[in-house]
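The values are calculated or read from the model by the stated rules, or taken from the named source; none is laboratory data. Just so it is clear, the structure is predicted and the values come from calculations on it, not from any experiment. Methodologically, a virtual Cβ is constructed for each residue, glycine included, from the backbone with ideal geometry; neighbour enumeration extends over all protein chains shown. Protein only, heavy atoms only, side chains kept; ligands, DNA and RNA dropped before computing areas. Shrake-Rupley method; radii C 1.70, N 1.55, O 1.52, S 1.80 Å.
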Amino acid sequence: MANITPPRYVKQVLITLQSRGYLAYLVGGCVRDMILGVHPQDWDVCTSALPEEVRELFPHTVPTGIRHGTVTVMIHSHSVEVTTFRTDGSYLDHRHPEAVSFVGDLTSDLARRDFTMNAIALPPDGLIADPFGGVEDIEKGIIRCVGEPERRFEEDALRMFRALRFSARFGFAVEEKTLAAIYAKAPLAASVSAERVRDEVEKMLLTSRPQILLTAIEAGLLDRYLVRRKDEPVSELIRITAMPKKALPRWAALCAILERRGWIDSPRDFLTALRLDGRTVRCCSDCCELLHTAPPRTSKEWKKLLNHYGVDTASCAALCYDALIGGKSRDALRAVLKSGECFSVRHLAVTGDDLVELGLRGKELGDMLSFLLDYVMDYPENNRRELLLQLVRGTEEN
Ligand code: ATP
Ligand code: MG
């Protein structure tokens, strides 16, 4: 932690609060990241000041989550989330507290947080506050619930996904009781919205350990989205680690693996239920269809695939072929794209209008374009206007 210090604008927020007699600490992910030696993505502050008091102290604020005590303080072009110490009331739907109460002490605020590593606070000067042993758990590489795991997951089922996501992100083990509670309380995952599940799954997919999804599936966290699940190991998930950390190909590979296992019937239905966007749904479902057959072997086969499915799906399929089947599809596709060779009627050296001038219409015109495309896929060097027009004239005469 010694070599990561908060930026000046964050210190300014802490000092301003402190100078008015309020308690103010860095808290949550940023403190955890500093201990891990990772530069935090964002900085959260917790304070004894009430939201209205925070708003009075700083000239530029946004009442982001005012009901939950969160005010975003804007300093120059930066923002810091400042949240009043609070405890959460009873949880009604396994997701949201019925009400929150603002409290004066830090320990109660830390107690409502999910994991010990996320329940550490750091004042601008002075000693770290770590009532639940978060520093030790970080040193040991352990994810542990603050308090009794089953109860914490009953309150908020999203925490089960977060536990596995952090485990994958940091390579930490989920502590035994916390893990057992995930298995025991997995049915409550059904109360988490599809959008939140999608975001969590995507974040897991994009870590260096996407195979954590095996635990998520085995525990039953994704049961709502799977048509069946047998207790068989899905060791193929580890193959996703070989893929670039990009959402589209990793979703496609996940779908292909689940489909091959019979845990989903249709990638389209699976992704639509998880509220993925239309482009991802289309591309992944095309990609899974392609994965039912062997990868293209020649540059012409790649060009046909590019013509039919487009560059996005072809690239996605190439990455999946390499990761799930093996081979060098990505290199082969790259070479085809780099060659600049024509794979679509749009890139032909003649246009539909040229063919109209030569008297072709309707189906005849369409067939001729397909014929020319097929021809230049075989003879890319012949994609020249005069030569193609000559070919059309010659074909018409015969
Ligand atoms: P990341 O680096 O992914 O942002 P983070 O720990 O900062 O990780 P956030 O979602 O930004 O995660 O949440 C900030 C802090 O709020 C957490 O560190 C944790 O203390 C608390 N927190 C967030 N979500 C929950 C939750 N569902 N239950 C309890 N505490 C939570
Ligand atoms: Mg955060």
Item to complete: Return the residue satisfying two criteria in turn: it lies in the range 27-79 and is of a type in the set (D, E, K, R) and open to solvent by 70 Å² or more (accessible area, probe 1.4 Å), and of such residues it is farthest from ligand 1 (Cβ to nearest atom).
Response: Glu56
Practice prompt. Test Thr87 against the criterion of being away from ligand 2 (no atom under 16 Å from the Cβ), without any contact (Cβ under 8 Å) to a residue 40 or more places away in the chain and either under 27 Å from Thr178 (Cα atoms) or out of contact with any strand residue (DSSP E or B) (no Cβ under 7 Å at 6 or more places or on another chain) (or both), and give yes or no.
Written response: yes
Practice prompt. Go through the residues of the range 111-126 one by one and say whether even a single one is more than 16 Å from ligand 2 (Cβ to nearest atom), open to solvent by 20 Å² or more (accessible area, probe 1.4 Å) and free of Cβ contacts under 8 Å to residues at least 24 places away in the same chain.
Written response: yes
Worksheet entry | 2 or more residues touching a residue at least 24 places away in the same chain (Cβ under 8 Å) and of a type outside the set (Phe, Trp, Tyr): qualifying strands (runs of 3 or more DSSP E) within the range 5-75 | 24-27, 44-47, 70-75
Worksheet item: Just one of Arg275, Arg228 is surrounded by fewer than 20 Cβ atoms within 10 Å (Cβ to Cβ), more than 22 Å from Glu195 (Cβ to Cβ) and not acidic (Asp, Glu); which is it?
Response: Arg228
Discussion item. Quick check on Ala194: is it open to solvent by less than 30 Å² (accessible area, probe 1.4 Å) and either in contact (Cβ under 8 Å) with a residue 24 or more places away in the chain or within 16 Å of ligand 2 (Cβ to nearest atom) (or both)?
Written reply: yes
Worksheet item: Residue check, Gly21 against (1) under 28 Å from Arg169 (Cβ atoms); (2) loosely packed, with under 14 Cβ neighbours inside 10 Å, all met but one. Which one?
Response: (1)
Worksheet item: When the residues of the range 95-110 are filtered to those that are open to solvent by less than 60 Å² (accessible area, probe 1.4 Å) and out of contact with any Gly (no Cβ under 9 Å at 6 or more places or on another chain), which remaining residue is farthest from Ala129 (Cα to Cα)?
Response: Arg95
Worksheet item: Looking at (1) modelled with pLDDT of 95 or more; (2) within 16 Å of ligand 2 (Cβ to nearest atom), which is the one condition that is false for Tyr22?
Response: (2)
Practice prompt. Considering each residue of the range 150-189, count those that are part of a helix (DSSP H, G or I) and either within 15 Å of ligand 1 (Cβ to nearest atom) or in contact with a strand residue (DSSP E or B) (Cβ under 7 Å, 6 or more places away or on another chain) (or both), and give that number.
Written response: 25
